[in-house]
Protein chains: 2
Amino acid sequence: MDTKQFKEAAQSALEEITQYYDTLAERPTLPSISPGYLKPLLPTSAPEKGEAWETIQADIDRVIMPGLTHWQSPKYMAFFPCNSSYPAMLGEMYSSAFNAAAFNWICSPAVTELETIVMDWVAKLLNLPECYLSDGEGGGIIQGTASEVIVTAVVAARERLIRRRLADMPEGEEKIDKAAELRGKLVAMGSEHAHSSTQKAAMIAGTRFRKVPAPKETGFSVTGQALRQTIEECKAKGLEPFYFTATLGSTATCAVDDLAGIAEVAREYPDVWIHVDAAYAGSALVCPEYQHLCPPMADFDSFNFNMHKWLLVNFDCSAFYIKKRKNLIDTYSLTPSYLRNEYAEKGLVTDYHNWQIPLGRRFRSLKVWFVLRSYGVEGLRAFIRNHIKLGEYFHGLVKSRSDLFTVVTGPHFALTTFSVNPRRLGGAAAANKPDPSHEAYLNDFTPSADAQYQEDANQITKEVYEKVNAQGEFFLTSTVVCGIYVIRVVSANIRAEDKYLKQVFDVLVQMTDEVLGAKA
Amino acid sequence: MDTKQFKEAAQSALEEITQYYDTLAERPTLPSISPGYLKPLLPTSAPEKGEAWETIQADIDRVIMPGLTHWQSPKYMAFFPCNSSYPAMLGEMYSSAFNAAAFNWICSPAVTELETIVMDWVAKLLNLPECYLSDGEGGGIIQGTASEVIVTAVVAARERLIRRRLADMPEGEEKIDKAAELRGKLVAMGSEHAHSSTQKAAMIAGTRFRKVPAPKETGFSVTGQALRQTIEECKAKGLEPFYFTATLGSTATCAVDDLAGIAEVAREYPDVWIHVDAAYAGSALVCPEYQHLCPPMADFDSFNFNMHKWLLVNFDCSAFYIKKRKNLIDTYSLTPSYLRNEYAEKGLVTDYHNWQIPLGRRFRSLKVWFVLRSYGVEGLRAFIRNHIKLGEYFHGLVKSRSDLFTVVTGPHFALTTFSVNPRRLGGAAAANKPDPSHEAYLNDFTPSADAQYQEDANQITKEVYEKVNAQGEFFLTSTVVCGIYVIRVVSANIRAEDKYLKQVFDVLVQMTDEVLGAKA
């Protein structure tokens, strides 16, 4: 493919892509194909001779489109959004043109330096404590995903503890044995509602894992006291707690752990590395009205949020901030001679591969730069506030049918979770005098509550949820929190509008009527 | 940015990118800026109001271009190539448009299914043993980098060993204690010339690491016997070797470990997971003349190569093959309720997040698919063979000046390494009767050899190397193998031509003349 052919091909691809974007709302969000759909549509091996672009491009519509889940559709309300934006797509175009495995400064200085600069811009935009800026001892790095970041933090936390404990031992076999013994005692911790990636990270790091309770009474949030208690329980067993993921916006319900209370614990136990996972909700910190959440982070060790979720930077782009970059470099730097260069030796430059697990790095800061500049601070705040408002709108809709639905959490950061009432409540009764078993369901999840009622509610909520997704028009997700099966609705992508929330709500009401009707 | 503005912006970006590609050879490969160049050129925070694309785009030329190292230039001959191609760039365009954190099948079935299919195409293209195809117990997955793959393999190997050893113990605290104790005894191994990522992976996994000797006498390759001896030495100390990276094309010299000999060891020690790292050289396996390297892999556990290095798929794209996918899933699957879906539960689909460390996944198979189809098998073979021929050409040039240079290794997979002779040898003497100390330098690195000669050679080679890079026209790398400082030249990117190799050779001769002249 020569330059001329590429320009024509790219032109044609741009037409197809923009046409796709402009017609997203007309497509069912979920594909209707079955597992294994693609194999019969493609050859069993690569072609011997090269094919023309027209032939290849035609297959996108023929075989790929039918198998896509349309995350950019306004009818996508599942998991969390994964926003695409045109400026970020331009960033990806340039990044792919300037293709390089830019693992250190000299490999492409602009890749490193732009990243440091835009990560500082983002830290200021979020009003993060100053310790996370690059001009002190901290700084930001772009990694792929929150799960990758958490592994990076857990391993660094593990090694920091070992360096501290064994600081006085001379290097050698005895120290290696001692370190191995110590690693076997370590415990990573996360909220019972933290994303599973903390538990997975503990497994990867070869450490133990403990869940910290976060019951409904505290709004599914970990309190400082709950964390302190878990730490003490571990210590009582001769184990060493060394890491905790504090959650700012849990996956299930967007709960926020008690960061101020946890900051006290951080001061009491300086060997416990506190990482804040704000994968989705962190983007809301661009709005001053959420920045009261930031000051406690000065007592923590690291923070991350995924700009690819709610801040218009295409996947992947997880912004990871570290208070003392030394804690990453002491763990991850292992520079052999063929990766050394005079600039790094002199300490003049940042070699980001020493802040992360993989060696090679993409030029991801370009897309961040383009998005920040295209939208401006005002544009990004307006973007987030629009979704917050849409979340309140949907929450209002659910509340308006308390005969059918019970709000369980939210709206938090545009996410509402709710369950379906197993018995239709009378209009007045629903608003004013709920059924006692319904009341118990909402407020009390002890065995003394009406367990049968709860089981019925879970069953019926699941049925309604599955019917909505089976229809395919909208895509929702569900989860179970403290024994309650809930449907999650979060509409926070670039094409979100109240009319789509009204549509999905009508579908939910219809499906609920059908399910309840069938039971009656 | 609306659709119309995006199309105009993208059009303008395409013009700039193609113009950049078409003028690469005219630019110095290395930038001439100093560390910290970018900060004074940019504001200290994101703009309040959004900016127009023209303003943003103008800054690419103003501030980014001066800080780029041009990996796509034909004058880039450092590290290994990181090839970009137009079809792969189109793949990235669509991937960024279909933006999704496609971590499981239902998140976007086409992402999973196309990946399985193209990874099978690639396995067949390389003639990998059938156990690596998806229709048996194995399969391929695209990960980001070889270093990420190696961490994935090391952790899976560690957990496999623990599962095997503790299979009879009931679940519970005692088993967790026992597993922790066992982890502390584990040893990962790699060639002394293996990429540092194996040692880093062992650190991440919290295990010990041992280098396996690979001296000059065996061409810097690990033999089966050397591996066996290292295993036995570990066992004699009460340690448990559990993992070995076999190298197919080492970073320093493109040495290939003795795969057939290592396969025997694999059969003797089934608890040692053997992973083949063919990050760069693996691409050559598309040519039948290299496929004799493949059969021993049937005795190994996993294999990977970076299609982003030498097979025209833009960074990042590391193809990772596993003989028994169960060994990944048993380690990495930790599926909580909110990530479950009926298809995965029924075992009908592949959920690739259970084969890897991060959760989210990009749609990387599109670019692989486009490259395989645009080039065809014939085109890819021609691409590799052209570089092999260029490598031989450069090797011939170096040999032709044996008065100045000594070839240390190669050409292996288009890579030649050589050192500069510290004393200019007479024409005839060079060809026929080398200086005895020179002879010793080539064949004998024991202390009995002329240590001073070697030290001089290292010093002068380093000086020549630094002068070439300081000029900035070409970018080379150097390394030290078994005490020998060598310059590496590998010209294997899409724009490589013999004329650029002749040019760099002339520069090397000129710089050597200057350095030797200054010493005389």
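The values are calculated or read from the model by the stated rules, or taken from the named source; none is laboratory data. On a predicted model such as this, the values are computed, not experimentally measured, just so you know. Glycine also receives a Cβ, built like all others from the backbone with ideal geometry; neighbour counts cover every protein chain displayed. Note: areas computed on protein heavy atoms with side chains; ligands, DNA, RNA excluded. Shrake-Rupley method; radii C 1.70, N 1.55, O 1.52, S 1.80 Å.
Observations on the structure shown:
- Accessible area of B:Asp456 in the full protein assembly, 1.4 Å probe (Å², nearest 10): 60 Å²
- Spatially proximal lysines relative to A:Lys519 (Cα-Cα < 21 Å; intrachain offsets below 8 disregarded): A:Lys462, A:Lys467
- A simple rule links phi to the HN-Hα coupling: the Karplus curve 6.51 cos²θ - 1.76 cosθ + 1.60 with θ = phi - 60°, which for segment B:412-418 gives 10, 6, 6, 9, 10, 10, 8 Hz, with x for Gly and Pro.
- Note that chain A presents 34 Å² accessible area per residue, ligands and nucleic acids not counted, probe 1.4 Å.
- Cα centroid of segment B:463-499 to Cα centroid of segment A:459-506, whole Å: 57 Å
- Here the spin labels are modelled as points 7 Å beyond Cα on the Cα-Cβ line, and at B:Ser12 and B:Gln471 they lie 3.8 nm apart.
- Bridgeable aspartates and glutamates around B:Lys75 (alpha carbons under 12 Å apart, same-chain partners fewer than 8 residues away excluded): B:Glu26, B:Glu473, B:Glu497, B:Asp498.
- Given charges at beta-carbon only (K, R positive; D, E negative), |dipole| of segment B:99-362 in Debye: 480 debye
- For segment B:153-200 and segment B:96-117, distance of Cα centres in Å: 31 Å
- Chain A has one residue whose beta-carbon comes closest to the axis relating it to chain B; that residue and its distance in whole Å are A:Gly206, 2.
- For segment A:99-362, the relative contact order works out to 26 percent when only alpha carbon pairs closer than 8 Å and six or more residues apart are counted.
- At an R0 of 22 angstrom, the distance between the Cβ atoms of B:Ile33 and B:Thr55 translates into a FRET efficiency of 0.50.
- Portion, in percent, of the accessible area of chain B that falls on carbon or sulfur, probe 1.4 Å: 51 percent
- Averaging the Cα positions of each part gives two centres, and for segment A:288-325 and segment B:390-412 these lie 52 Å apart.
- Calculated from backbone phi, Karplus (6.51, -1.76, 1.60) coupling profile of segment A:255-260 in Hz, x at Gly/Pro: 5, 10, 5, 6, 4, 5
- With contacts taken as Cα pairs under 8 Å and at least 6 residues apart, chain A reaches a relative contact order of 20 percent.
- Set of segment B:358-385 residues, backbone N closer than 20 Å to the point 7 Å along the Cα-Cβ line of B:Lys124: B:365-382
- Chain A - mean residue ellipticity at 222 nm from DSSP helices (-39,500 (n - 2.57) per run, n ≥ 4, rounded to 500): -14000 deg cm²/dmol
- Across A:Lys324/B:Lys185; A:Lys367/B:Lys39; B:Lys216/B:Lys399; A:Lys175/A:Lys326; B:Lys216/B:Lys324; B:Lys235/B:Lys309, pairs whose alpha-carbon gap is larger than 27 Å: A:Lys324/B:Lys185; B:Lys216/B:Lys324; B:Lys235/B:Lys309
- Linear extension gain, B:Glu171 paired with B:Asp271, 0.36 nm per residue minus alpha-carbon span: 33.8 nm
- For segment B:160-316, size of Cβ-based charge dipole, Lys and Arg +1, Asp and Glu -1, in debye: 320 debye
- Take A:Lys326, move 7 Å from Cα toward the beta carbon, and the resulting point lies 4.9 nm from the same point in each other copy, nearest first.
- Amide H to amide H, with H built 1.01 Å from N, B:Val222 comes under 5 Å of B:Asp257, B:Asp258, counting only residues 5 or more places away or on other chains.
- Charged-residue dipole, Cβ positions (Lys, Arg, Asp, Glu), the protein assembly as shown about Cα centre, Debye nearest 20: 460 debye
- Residues whose amide H lies under 5 Å from that of B:Thr145, counting only those 5 or more places away or on a different chain, are B:Ser318; hydrogens are built 1.01 Å from N in the peptide plane.
- Using θ = phi - 60° in the Karplus curve 6.51 cos²θ - 1.76 cosθ + 1.60, the 3J(HN,Hα) couplings for segment A:235-242 round to 4, 4, 8, x, 9, 10, x, 10 Hz; x is entered for Gly and Pro.
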